[in-house]
Amino acid sequence: MKKGCVVSLIVAGSIIVFLLIMFSWGKGMYNSMVTQEEGVSSAWSQVENVYQRRADLIPNLVSTVKGYAAHEKETLEGVVEARAKATSVNIDPSKMNANNIAAYQKAQDGLSSALSRLMVVVEKYPDLKANENFLDLQAQLEGTENRIAVERRKFNETAKLYNITIRRFPNSMFAGMFGFSKKDYFKSEAGAEKAPKVEF
């Protein structure tokens, strides 16, 4: 075999090996970004699940309170309306941005505020506060508020890892080309670092 042919085969082989290494690296980088983006979507779903759990407890809570405090109609209707508003706001994880998250949070804050007003009303009814069904609902709401705080924190942590991945070099060169963009965080309201205590 001629010397020129051997050199050509070595060069061609080196190029093929280099291209295979680059393909493998690019594939791994892309798959890592996909996995982390799906992790953000999954974490957001968990946030929505715990908020939905809270919303699902509201009809039973309103029914229980109504049995003892039927003439507190305005407060009860306020809770029902706030629940309807909170459950009507949804975010598609692929279109998640600061404005959508803020709108979602505003609707959830409206429900929290309505529940707070209900707590004030409940104080007037000692028999209601001693009701076993009501006590069970109270415990479930407290647990749900804690879960909300936990899942929001997990979402932010997952979004942070994803954002770091797509912003690091050399991933940042390809993230935009593949359609990966920064995810915004769930921002707490001032004083919301602790889960609210649901006391009736």
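What follows is calculated from the coordinates using simple rules that are stated; it is not laboratory data. Treat the numbers as computed from the prediction; the structure is a model and nothing was measured. So basically every Cβ, Gly included, is an ideal-geometry build from the backbone, and we count neighbours across all protein chains shown.
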### Query
Where in the stretch 145-166 does the amide nitrogen come within less than 17 Å of the point 7 Å from the Cα of Tyr185, taken along Cα to Cβ?
149-166
### Query
Which angle from 0 to 90°, rounded to the nearest 10, does the C-alpha axis of helix 98-122 make with the longest principal axis of the chain?
20
### Query
HN-Hα J couplings of the stretch 42-50 from phi, Karplus 6.51/-1.76/1.60, θ = phi - 60°, integer Hz, Gly and Pro as x?
5, 5, 5, 4, 5, 4, 4, 4, 6
### Query
Which whole-Hz couplings ³J(HN,Hα) result when phi for each residue of the stretch 168-175 is put into the Karplus expression 6.51 cos²θ - 1.76 cosθ + 1.60, θ = phi - 60°, listed in order with x for Gly and Pro?
6, 7, x, 3, 4, 5, 9, 4
### Query
Of Ile91, Ile148, Ile15, which has the largest mean-square fluctuation in a 10 Å C-alpha GNM of the chain?
Ile15
### Summary
Residues of the stretch 44-76 with backbone N under 11 Å of the label point set 7 Å from the Cα of Asp127 along Cα→Cβ are 67-70
### Rg/Rh (Cα only; Kirkwood hydrodynamic radius) as it applies to the stretch 80-188
1.15
### Query
With the dipole of the stretch 40-200 worked out from charges on the C-beta (+1 for Lys and Arg, -1 for Asp and Glu) around the Cα centre, which of Tyr125, Ile101, Leu57 lies farthest toward the positive end?
Ile101
#### Entry: Dmax and Rg, reported as Rg then Dmax, of the chain (C-alpha, Å)
26.3, 102
### Task
Rounded to whole Hz and in sequence order, give me ³J(HN,Hα) for the stretch 87-92 from the Karplus expression 6.51 cos²θ - 1.76 cosθ + 1.60, θ = phi - 60°, writing x for Gly and Pro.
7, 7, 9, 10, 10, 6
### Query
Among the lysines, which fall within straight-line cross-link reach of Lys73, defined as a Cα-Cα distance under 29 Å, with same-chain neighbours fewer than 8 residues apart omitted?
Lys85, Lys106, Lys124, Lys129, Lys197
### Message
Going Cα to Cα from Lys66, which aspartates and glutamates come in below 19 Å? Please leave out same-chain ones fewer than 8 positions away.
### Response
Asp56, Glu74, Glu77, Glu81, Glu123, Asp127, Glu132, Asp136, Glu199
### Task
Return the distance in nm (one decimal) between the two label points of a simple spin-label model at Val7 and Glu81, each offset 7 Å from Cα along Cα→Cβ.
8.6
### Query
Ranked by Cβ crowding within 10 angstrom, fewest neighbours first, how are Phe155, Phe174, Phe18 ordered?
Phe18, Phe174, Phe155
### Task
Using only Cα atoms, locate the centre of the stretch 15-41 and the centre of the stretch 118-156, then give the distance between them in Å, rounded to an integer.
46
